[in-house]
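Trainee: Next up is a structure, given as structure tokens.
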Amino acid sequence: MVVTLRDRDVAGILPRGGTILGTTNRDNPFHYRVEENGKHVFRNMSDRILENLKSNGIQALVLIGGDGTHAVALELEKLGVKVVGVPKTIDNDIPLTERTFGFDSAVGVASWALDRLHTTAESHHRVMILEVMGRYAGWISLHAGMAGGADVILIPEIPYDIDVIVRKVRDRVERGKRFSIIVVSEGAAPIGGAMTVKRIVEDSPEKIRLGGIGEKLANEIEQRTEIESRCTVLGHLQRGGTPTAFDRILATRYGVAAVECICRGEFGRMVALQKNEITSVPIADVVGKPHNVPSDDQLVKAGRAMGICFGDED
Ligand code: F6P
């Protein structure tokens, strides 16, 4: 499974999403699912990693991914592996970096979807709800909602009150706007309520898969307003396809910076974007510290100033 990547092997991958490496976003080598005597059991496979690195003469590892990946990087570093991290997730939920690559592409797809949902919303006088990913962070919803002209943006960081949302929809009708566009993060929840879980995957380090909040909201809003309310779940469409120019450039800058870290002998660090400059931060400062939309986020403030409802106040 070891392949030497030469120039020709990586030529032409800029416009491709996903990974050419065949990696996983769920497995944990310290708790790895293997089959023994016809049964699935979990084993710490880190020794195998150390052996493979040694036998292949690999001196440093670049780990590309989100918080789970960086948690693994930190554990490998403790075992003496020279690691460099690169923040890549559509969720943008890694601290100490302004952007993870993948986020901009996901936001592009979500705002594209909102543009298209506007058509039916307006012509059929409906409430159209778009449920987007992002796990426990509302970045995708917030950015797509602002770019796509949503009337209501619901994010996990701001628990919502259904009465406020219903008032917003009715108020729009009274002002002659017979439709509303709502973008909701999969992790959004009502005040005092829980997030909506779609499924539990027992043998995964990340057991919870969120999903279903959009449909719930559609039912509630339709019952209370008598306006037909429909939900579209964007799902993995926002995680695939051609990356945006911004993401391509960011990924390239991160790649260069990761190699430079290795050349300088700087390990245990994650490359990061701060004030549009590429820098690096200790992986230990990143792991286990989620990066959520802060309550004083400028974009939330701008949204409120534009009259966008965040579900908490009129
Ligand atoms: O972390 C990236 C992400 O796309 C989340 O936004 C989403 O909750 C999750 O992964 C979905 O994972 P899966 O494809 O395994 O269901």
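The values are calculated or read from the model by the stated rules, or taken from the named source; none is laboratory data. The model shown is predicted, which means the values in this text are computed figures rather than measured ones. Reconstructed Cβ throughout: ideal geometry from the backbone, glycine too, with neighbour counts over all protein chains shown. Ligands, DNA and RNA are excluded from the accessible area calculation, which covers all protein heavy atoms including side chains. Shrake-Rupley method; radii C 1.70, N 1.55, O 1.52, S 1.80 Å.
Trainee: Show me the GluC sites (Glu not before Pro) within segment 198-253 that DSSP assigns to loop and that have at most 12 other Cβ atoms within 10 Å of their Cβ.
Mentor: Glu202, Glu226
Trainee: Could you tally the net charge around Asn292, taking each other residue with its Cβ under 13 Å from the Cβ of Asn292, Lys/Arg +1 and Asp/Glu -1?
Mentor: Local charge sum for Asn292: -4.
Trainee: Quickly work out the Glu228-to-Asp296 label distance, labels modelled 7 Å from Cα along the C-beta direction, and quote it in nm with one decimal.
Mentor: Rounded to a tenth, the inter-label distance reads 4.6 nm.
Trainee: By how many degrees, between 0 and 90 and to the nearest 10, does the Cα long axis of helix 67-78 differ from the longest principal axis of the chain?
Mentor: Long axis of 67-78 versus the principal axis of the chain: about 20 degrees.
Trainee: Also, quick follow-up: Residues of segment 54-69 with backbone nitrogen within less than 15 Å of a virtual label 7 Å along the Cα-to-Cβ line of Ser204, please, listed as ranges.
Mentor: Answer for this model: 66-69.
Trainee: Please compute one quarter of the surface area of the Cα convex hull for segment 6-119 and express it in square nanometres.
Mentor: Details: hull surface 44.4 nm².
Approximately 11.1 nm², given one-decimal rounding.
Trainee: Choose one of Gly80, Gly66, Ile94: the residue whose Cα lies farthest towards the positive end of the charge dipole of segment 1-154 (beta-carbon charges +1 Lys, Arg; -1 Asp, Glu; about the Cα centre).
Mentor: Gly80
Trainee: Over the chain, with the other protein chains present, what is the accessible area per residue in square angstrom, probe 1.4 angstrom? It would help to have the intermediate numbers written out before the result.
Mentor: Working: 16830 Å² over 314 residues.
Computed with neighbouring chains in place, this is 54 Å² per residue.
Trainee: If you don't mind, there's one more thing I want to ask. As a test of understanding, state the convex hull volume per residue of segment 35-185 from its alpha carbons, in Å³. Please report the intermediate quantities before stating the final value.
Mentor: Details: hull volume 26.3 nm³, N = 151.
Enclosed volume per residue, from the Cα hull, is 174 Å³.
Trainee: Right, another one. Between 0 and 90 degrees, rounded to the nearest ten: what's the tilt of helix 245-264 against the longest Cα principal axis of the chain?
Mentor: With both axes taken from Cα atoms, the answer is about 30 degrees.
Trainee: Here's a follow-up. Keeping every protein chain in place, order Trp139, Trp112 by accessible area at 1.4 Å, biggest value first, i.e. largest first.
Mentor: So the residues, ranked largest to smallest area, are Trp112, Trp139.
Trainee: Hey, if you drop one equal point scatterer on each alpha-carbon of segment 143-277 and run the Debye formula without solvent, what base-10 log of I(q)/I(0) do you get at q = 0.15, 0.17 Å⁻¹?
Mentor: The Debye formula, applied to the Cα set alone, gives -0.91, -1.03.
Trainee: Choose one answer from Ala121, Ala257, Ala245: the residue with the largest mean-square fluctuation in a GNM of the chain with alpha-carbon springs under 10 Å.
Mentor: Residue with maximal mean-square fluctuation among Ala121, Ala257, Ala245: Ala245.
Trainee: Who wins for biggest fluctuation among Gly214, Gly22, Gly187 in a Gaussian network model of the chain, springs between alpha carbons below 10 Å?
Mentor: Among Gly214, Gly22, Gly187, the largest GNM mean-square fluctuation belongs to Gly22.
Trainee: Which whole-percent values make up P(r) of segment 240-314 when all C-alpha to C-alpha distances are grouped in 5 Å steps starting at zero?
Mentor: Final binned percentages: 3, 12, 15, 14, 15, 16, 11, 7, 3, 2, 0.
Trainee: Kindly write out, for segment 90-100 in residue order, the coupling ³J(HN,Hα) from the Karplus curve 6.51 cos²θ - 1.76 cosθ + 1.60 (θ = phi - 60°), rounded to whole Hz, with x marking Gly and Pro.
Mentor: My calculation for segment 90-100 gives 5, 6, 6, 9, 9, x, 6, 9, 6, 9, 9 Hz in order.
Trainee: As an exercise, identify the trypsin sites (Lys or Arg not before Pro) in segment 194-286 lying in DSSP coil whose Cβ has no more than 13 other Cβ atoms within 10 Å.
Mentor: In loop regions of segment 194-286 (DSSP not H, G, I, E or B), the sparsely surrounded trypsin sites (Lys or Arg not before Pro) are Lys207, Lys275.
Trainee: Here is a follow-up. Rounded to two decimal places and with Rh computed the Kirkwood way over Cα pairs, what is Rg over Rh for segment 102-169? All intermediate terms of the calculation are to be shown ahead of the outcome.
Mentor: Details: Rg = 12.2 Å, Rh = 12.6 Å.
Result: Rg/Rh = 0.97.
Trainee: Please compare each pair in Lys168/Lys301; Lys39/Lys88; Lys177/Lys198; Lys168/Lys275; Lys39/Lys207 to a cut-off of 25 Å on the Cα-Cα distance and tell me which ones are over it.
Mentor: Lys39/Lys88; Lys177/Lys198; Lys168/Lys275
Trainee: I've got another one for you. Based only on Cα atoms, what Rg/Rh ratio does segment 273-314 have, Rh being taken as Kirkwood's radius?
Mentor: 1.15
Trainee: Over the chain, with every protein chain in place, what whole percent of the accessible area is carbon and sulfur at 1.4 Å, could you tell me?
Mentor: Result for the chain: 51 percent of the exposed heavy-atom area is carbon or sulfur.
Trainee: Separate question: If one takes the longest principal axis of the Cα atoms in the chain, at what angle in degrees, from 0 to 90 and to the nearest 10, does the Cα axis of helix 46-55 lie?
Mentor: Once rounded, one gets 50 degrees.
Trainee: In whole Å and largest first, what semi-axes does the C-alpha gyration tensor of segment 138-214 yield when each eigenvalue is scaled by 5 and square-rooted?
Mentor: Taking √(5λ) for each eigenvalue gives 28, 14, 10 Å, largest first.
Trainee: Could you tell me the center-to-center distance, by alpha carbons, between segment 86-144 and segment 1-72 in angstrom?
Mentor: So the two Cα centres are separated by 28 Å.
Trainee: Just from its helices, what would the mean residue ellipticity at 222 nm be for the chain, if runs of 4 or more DSSP H residues each count -39500 (n - 2.57) and the sum is divided by every residue, rounded to the nearest 500 deg cm²/dmol?
Mentor: Rounded to the nearest 500, it is -11000 deg cm²/dmol.
Trainee: Turning to a different aspect of this structure: Hull surface divided by four, with the convex hull built on the Cα atoms of the chain: how many nm²?
Mentor: 18.4
Trainee: Which whole-number percentage describes the relative contact order of segment 174-243, with Cα contacts under 8 Å and a sequence gap of 6 or more? Don't jump to the answer; show the numbers that get you there.
Mentor: Numbers: 58 pairs, mean separation 14.3, N = 70.
Relative contact order of segment 174-243: 20 percent.
Trainee: Any chance you could get the radius of gyration and Dmax over the Cα atoms of segment 189-240, in Å?
Mentor: Cα only, segment 189-240: 13.8, 42 Å (Rg, Dmax).
Trainee: For Ala245 and Leu50, compute 0.36 nm times the residue count separating them, minus their Cα-Cα distance, and round to one decimal in nm. If you can, show how the numbers build up before the last one.
Mentor: Working: separation 195, 0.36 × 195 = 70.20 nm, distance 3.65 nm.
So the extension gain works out to 66.5 nm.
Trainee: Right, here's the next one. Would you please give the residues with an amide H less than 5 Å from that of Ser180, counting only those at least 5 places away or on a separate chain, with H modeled from the backbone geometry?
Mentor: Arg126, Val127, Met128
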